[in-house]
Amino acid sequence: AEYMGKAADCFAAALAARPEDYLLWNKLGATLANSSSYDDAIAAYHNSLARNPSYVRAKVNLGISHSNKGEYAVAASHYLGALTMEPNSRAEHVWHLLRMALSMLDRDDLVKLSYEGD
């Protein structure tokens with residue numbers, strides 16, 4: 001866990017020099033999420049998306065952090081947002097994450113619909 005803190009410190013230092021770098025914000029978020037600092041990770045993902053609203057990976061990561069906090073409805077909305085950002089993609093991993101969130105919400109009706117892919 002200590003190396004995650006050091007990695008987060010490195011990304012924070014890099015962001016001091018390049019605060020508009022949406023990729024760095026996403027990497028900081030992933031590092032924070034990997035050390036279970038979900039609220040801080042969510043803030044970093046929002047910073048990434050503020051700089052590049054069409055960055056799908058940050059949108060998915062945002063959903064994952066909300067899922068990890070047990071906020072499945074919020075997570076599902078981010079997964080849906082990511083899927084609509086790339087409507088022609090075969091993003092099976094995002095569909096899987098969406099189905100897991102919907103299942104945790106006891107929305108088996110929506111899980112069934114999600115297999116239709118639209």
Subject >> Rounded to whole Hz, the Karplus (6.51, -1.76, 1.60) HN-Hα couplings of the range 62-71, x for glycine and proline >> reply: 4, x, 4, 5, 5, 4, 5, 8, x, 9
Subject >> Helix-derived mean residue ellipticity, 222 nm - over the chain, DSSP H n ≥ 4, -39500 (n - 2.57), to 500 >> reply: -24000 deg cm²/dmol
**OP:** Give, as a single signed number, the net charge of other residues whose beta carbon lies under 9 Å from the beta carbon of residue 32, with Lys and Arg counted +1 and Asp and Glu -1.
**Re:** -2
Original post:
What percent does the relative contact order of the range 70-118 come to when contacts are Cα pairs within less than 8 Å and at least six residues apart?
Top reply: 39 percent
Subject >> Backbone HN-Hα couplings from phi across the range 43-52 [Karplus 6.51/-1.76/1.60, Hz, Gly and Pro as x] >> reply: 4, 5, 5, 4, 5, 4, 5, 5, 8, 8
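From the Cα gyration tensor of the range 1-59, with a ≥ b ≥ c the square roots of its eigenvalues, which class applies: rounded if a/c is under 1.5, or else prolate if a/b is larger than b/c, or else oblate?
Details: a/c = 2.46, a/b = 1.34, b/c = 1.84.
The shape class here is oblate.
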Original post:
Can you give me the Cα centroid spacing of the range 16-77 and the range 84-105 in angstrom?
Top reply: 17 Å
Original post:
Which net charge results when you count Lys and Arg as +1 and Asp and Glu as -1 among the other residues whose beta-carbon is under 15 Å from that of residue 47?
Top reply: +1
**OP:** Can you tell me the order of 41-48, 52-59 when each peptide is scored by its average per-residue count of other Cβ atoms within 10 angstrom, highest first?
**Re:** 41-48, 52-59
Original post:
Per residue, how many Å² of accessible area does the chain show with a 1.4 Å probe?
Top reply: 58 Å²
**OP:** Give me the percent of the accessible area of the chain that comes from carbon and sulfur atoms, probe 1.4 Å, all protein chains in place.
**Re:** 55 percent
Original post:
Mean 1/r over all different Cα pairs, inverted: what Kirkwood radius does the chain give, in Å?
Top reply: 14.6 Å
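For the chain, with only Lys/Arg (+1) and Asp/Glu (-1) charged at the beta-carbon, what is the dipole magnitude about the Cα centre, in debye rounded to 20?
About 240 debye.
The values are calculated or read from the model by the stated rules, or taken from the named source; none is laboratory data. Since we're looking at a predicted model, the values are computed, not measured. In this analysis, Cβ positions are derived from the backbone assuming ideal geometry, glycine residues included, and neighbour counts consider all displayed protein chains. Accessible surface areas use protein heavy atoms only, side chains included; no ligands, DNA or RNA. Shrake-Rupley method; radii C 1.70, N 1.55, O 1.52, S 1.80 Å.
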